[in-house]
1. Only one of (1) at pLDDT below 95; (2) within 18 Å of Asp123 (Cβ to Cβ) fails for Asp29. Which number is that?
2. List the pairs whose first member sits in segment 104-123 and is assigned by TED's automatic domain parsing to the domain that holds Ala41, whose second member is surrounded by fewer than 17 Cβ atoms within 10 Å (Cβ to Cβ) and in a helix (DSSP H, G or I), and whose Cβ atoms are under 7 Å apart, counting only residues at least 6 apart or on separate chains?
3. Among the candidates Leu157, Leu153, Leu191, which residue alone is exposed (fewer than 14 other Cβ atoms within 10 Å of the Cβ) and within 16 Å of the chain's Cα centre (by Cα)?
4. With segment 106-219 as the region, which helices (runs of 4 or more DSSP H) entirely inside it contain at least 1 residues that are touching a Phe, Trp or Tyr at 6+ places or on another chain (Cβ under 6 Å)?
5. Hey, Ser2 hits all of (1) exposed (fewer than 14 other Cβ atoms within 10 Å of the Cβ); (2) in contact with a strand residue (DSSP E or B) (Cβ under 9 Å, 6 or more places away or on another chain); (3) at pLDDT 95 or above but one; which does it fall short on?
6. I'd like to verify a number: residues in segment 128-146 that are under 19 Å from Arg25 (Cβ atoms) and either outside the structural domain of Ala75 (by TED's automatic domain parsing) or surrounded by 15 or more Cβ atoms within 10 Å (Cβ to Cβ) (or both), how many?
7. When the residues of segment 29-48 are narrowed to those that are loosely packed, with under 13 Cβ neighbours inside 10 Å and more than 18 Å from the chain's Cα centre (by Cα), which ends up nearest to Asn155 (Cα to Cα)?
8. Say we look at segment 12-28 and pick out the residues that are farther than 15 Å from Arg95 by Cα and touching a residue at least 40 places away in the same chain (Cβ under 8 Å); which of these is surrounded by the most Cβ atoms within 10 Å (Cβ to Cβ)?
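The values are calculated or read from the model by the stated rules, or taken from the named source; none is laboratory data. No experiment lies behind these values; they were computed from the predicted model shown. Note: ideal-geometry Cβ built from the backbone for every residue, glycine included; neighbour counts use all protein chains shown.
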Amino acid sequence: MSTVLNEHERVIEAPAEVVGALLDRLSADDDPIFPTPAWAAMTFDRPLGVGATGGHGPVHYSVTEYEPGRRVRFAFTPPDNGFHELTVEPMGEGRCRVRHVLETELLGRNRLLWPVVVRPLHDTIIEEVFDNIERAAAGGCARPVRWSPRVRLCNRLMWSRPETVGTPEAARLIRTAVDRPDYEDAYRMELLPGQPRDPEAWTGILRDAFPVIAREGGELLLEVEAAGLTARASILVDGRHVTLSTAVRADALRSRAYWSVVKRVHPFMARMMMRRTHRELALATPHAGERDLERRRSAVSGPSHLVSG
């Protein structure tokens with residue numbers, strides 16, 4: 001066996017009670033410090049507290065100790081072992097130290113995965129947690145962590161993939177756009193914290209190559225004409241997911257011959273383009289600490305425009 005002790009700490013120019021309040025919102029819907037949506041969110045089966053079970057991405061753990069505003073410890077779920085914890089330590093008026101400690105025994109293939117993959121990702125995520133604490137508590141982060149080429153590659157390879165689904169009932173435009181379609185498919189991905197909810201932002205899935213011909217609520221209908229095909233694509237944002245749907249009819253001999261070839265690669269291309277756009281929009285989303293700071297500023301300033309009537 002091989003023991004790992006991994007420690008990170010940073011001095012934050014903000015009172016411990018302010019930083020502790022951020023710590024208490026870990027895993028909440030408005031979690032201000034975990035680095036989503038670039039990384040999988042920390043989620044539990046209940047609000048943060050002893051006994052809560054969950055984790056982030058493929059890493060699973062439960063809360064075993066919790067001192068609100070001061071410390072939270074997580075025990076890894078078997079077959080993993082050990083713990084990781086976050087603490088906030090006052091350092092006088094207006095300053096505090098945030099510390100993260102991970103301790104575990106590496107077993108089996110984890111001996112190889114830890115130095116090659118897990119440690120670079122872990123170190124980056126923890127430093128991004130500290131970055132977000134600085135952004136939310138102190139108003140900005142002077143030296144945010146930079147991703148190494150290895151971390152960037154791992155993030156790309158680990159990104160979630162679209163799920164094949166039926167055409168959603170809510171996608172009314174695509175369901176009536178093509179009479180007696182020869183082919184239909186739909187793929188969806190979960191909307192992550194901070195990602196846009198306006199379907200216009202998702203037209204990059206098709207690289208803005210096709211005109212939008214209709215909009216209804218959270219759905220856009222796009223005209224996808226090629227080689228005589230009657231084809232439409234739909235982008236639906238329903239609050240939890242973004243869904244790309246396609247309907248195609250090939251009437252003429254030429255269009256049927258064309259589609260017999262294209263439909264073999266269409267599912268692969270549709271999923272690839274959707275996954276690529278999903279990741280691009282996630283990485284372009286403001287950081288969790290920035291989003292929290294903006295929410296609080298908006299709450300203080302109120303609406304930025306006058307409403308008359």
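1. Of everything listed in (1) at pLDDT below 95; (2) within 18 Å of Asp123 (Cβ to Cβ), Asp29 misses just condition (2).
2. Sorted first by the residue in segment 104-123, then by its partner, the pairs are Pro120/Arg150.
3. Values: Leu153 fails: within 16 Å of the chain's Cα centre (by Cα); Leu191 fails: exposed (fewer than 14 other Cβ atoms within 10 Å of the Cβ).
Unique residue meeting the criteria: Leu157.
4. Details: elements: 110-113, 119-138, 149-158, 172-177.
The qualifying helices (runs of 4 or more DSSP H) are 119-138.
5. Going through (1) exposed (fewer than 14 other Cβ atoms within 10 Å of the Cβ); (2) in contact with a strand residue (DSSP E or B) (Cβ under 9 Å, 6 or more places away or on another chain); (3) at pLDDT 95 or above one by one, Ser2 breaks only (3).
6. Looking only at segment 128-146, we keep the residues that are under 19 Å from Arg25 (Cβ atoms), and these are 128-139, 141.
Now restrict to residues that are either outside the structural domain of Ala75 (by TED's automatic domain parsing) or surrounded by 15 or more Cβ atoms within 10 Å (Cβ to Cβ) (or both): 128-138, 141.
So the count comes out to 12.
7. Among those that are loosely packed, with under 13 Cβ neighbours inside 10 Å and more than 18 Å from the chain's Cα centre (by Cα), it is Asp45.
8. Just the residues of segment 12-28 that are farther than 15 Å from Arg95 by Cα, to begin with: 23-28.
Next, from what is left, pick out any that are touching a residue at least 40 places away in the same chain (Cβ under 8 Å): 23-24, 26.
Values: Leu23: 24, Asp24: 17, Leu26: 21.
By that ranking, first place goes to Leu23.
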